[in-house]
Amino acid sequence: MNQPQRVEHRMTDKGYVPLYTTAVIEQPWDSYSAVEHQVWGELFRRQRRLLVGRAASAFLRAQDAIGMSDVEIPRFADINRKLAAATGWTLIGVEGLLPELDFFEHLANRRFPVTWWIRRPEQMDYLAEPDLFHDLFGHVPLLMDPVFADYMQAYGAGGVKAHAVGPEALVNLTRLYWYTVEFGLIREGDELRIYGAGILSSKSESIHCLESSAPNRIGFDLMRVMRTRYRIDTFQKTYFVIDDFEQLFDATRPDFLPYYAELAAQPSIPAGDVLAGDRVFNRGTGEGWASDGDV
Ligand code: PHE
Ligand code: CO
């Protein structure tokens, strides 16, 4: 078998250009170097230390149950045995970002794409695209949770549908993914905890999202979230808080077609705005916010 490619973005005179790839590959586990296993181990230890008491307890429990540790980069085949027994999900290896429709179709069939390659030692704190650490450490554990597992599949099916509706529907649905699967917070007792993978795989945002007074923390509201713009290059200005995964799954159960029609008639909401109807856990001070750059 050919060695899979490491597909990263390219910087051109027009700025950052993401590259897409559709191949499904076998994880080339024997090709990982000692340094790559160390990068995994160091990131794993660093995040686990931070996340006890900050991550959703369902996430931490699932990460232990699935058998991830700092010893070495996990083998997808081992993880797949645990997932098959728990919720029937399967990891598939990919070389980088997938085109939207391919991504949705995998999710709709309970296949979660995981980038096979890991960041370089000089990228411990930030890189522009998902790597193995983000995908495997951040996203995969919650696929062990039955309700979250069903949400992810339903999201994929919804994505296939939205793709047929058109680009505006896709923008709405992508905002939902962003503010839940990537940057979501969840209530636990009277505390807030992290369940979004974009936060779970980031040292600085794991602290910022819970402890900084700069960002808004607002109760989840489906239509509100699907109207809210977001940041891809800085900490989020707003985090949305769910009560539990049932709330998320129930809110997204209805047919979205009428929702997309309704949303098309409404303006988008800037990333940092607080609205009259919001259930506010924290009204952000806005400290350090950039004035442009919402997506
Ligand atoms: N119920 C949504 C639809 O009909 C699909 C969906 C499920 C979207 C879960 C997001 C999350 O389009
Ligand atoms: Co992600």
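For region 251-269, which residues satisfy the criterion of being in a loop (DSSP other than H, G, I, E, B), surrounded by 12 or more Cβ atoms within 10 Å (Cβ to Cβ) and not hydrophobic (A, V, I, L, M, F, W, C)?
Scanning region 251-269 gives Thr252, Ser268.
For region 251-295, how many residues are away from ligand 1 (no atom under 16 Å from the Cβ), acidic (Asp, Glu) and either modelled with pLDDT of 95 or more or within 12 Å of Val225 (Cα to Cα) (or both)?
Residues of region 251-295 away from ligand 1 (no atom under 16 Å from the Cβ): 265-295.
Remaining after also requiring acidic (Asp, Glu): 273, 278, 287, 292, 294.
Keeping just the survivors that are either modelled with pLDDT of 95 or more or within 12 Å of Val225 (Cα to Cα) (or both) gives 273, 278, 287.
Qualifying residue count, region 251-295: 3.
With region 18-100 as the region, which helices (runs of 4 or more DSSP H) entirely inside it contain at least 2 residues that are β-branched (Val, Ile, Thr)?
By residue number, 34-51.
Looking at region 103-141 only, could you name the residues that are part of a helix (DSSP H, G or I), within 24 Å of Gln3 (Cβ to Cβ) and within 15 Å of ligand 2 (Cβ to nearest atom)?
The answer is Phe103, His106, Leu132, Phe133, His134, Asp135, Leu136, Phe137.
Pairs only if they're at least six apart or on different chains, beta carbon under 9 angstrom, first in region 149-164 and over 17 Å from Ala86 (Cα atoms) and in contact (Cβ under 8 Å) with a residue 60 or more places away in the chain, second of a type in the set (S, T, N, Q) and buried (at least 16 other Cβ atoms within 10 Å of the Cβ); list them, first residue then second.
Matching pairs, first to second residue: Ala154/Thr252; Tyr155/Thr180; Tyr155/Thr252; Gly158/Thr252; Ala162/Asn172; Ala162/Thr174.
For region 98-117, check the following and say yes or no: at least one residue is within 16 Å of ligand 1 (Cβ to nearest atom), among the small types (Gly, Ala, Ser) and at pLDDT 95 or above.
Looking through region 98-117, at least one residue is within 16 Å of ligand 1 (Cβ to nearest atom), among the small types (Gly, Ala, Ser) and at pLDDT 95 or above.
Any idea how many residues of region 11-45 are surrounded by 12 or more Cβ atoms within 10 Å (Cβ to Cβ) and acidic (Asp, Glu)?
Result for region 11-45: 3.
Answer yes or no: is there a residue in region 188-205 that is within 15 Å of ligand 1 (Cβ to nearest atom), under 22 Å from Asp150 (Cα atoms) and either free of Cβ contacts under 8 Å to residues at least 24 places away in the same chain or of a type outside the set (Phe, Trp, Tyr) (or both).
Yes, because at least one residue in region 188-205 is within 15 Å of ligand 1 (Cβ to nearest atom), under 22 Å from Asp150 (Cα atoms) and either free of Cβ contacts under 8 Å to residues at least 24 places away in the same chain or of a type outside the set (Phe, Trp, Tyr) (or both).
The values are calculated or read from the model by the stated rules, or taken from the named source; none is laboratory data. Just so you know, these numbers come straight off a predicted model, no measurement behind them. Methodologically, a virtual Cβ is constructed for each residue, glycine included, from the backbone with ideal geometry; neighbour enumeration extends over all protein chains shown.
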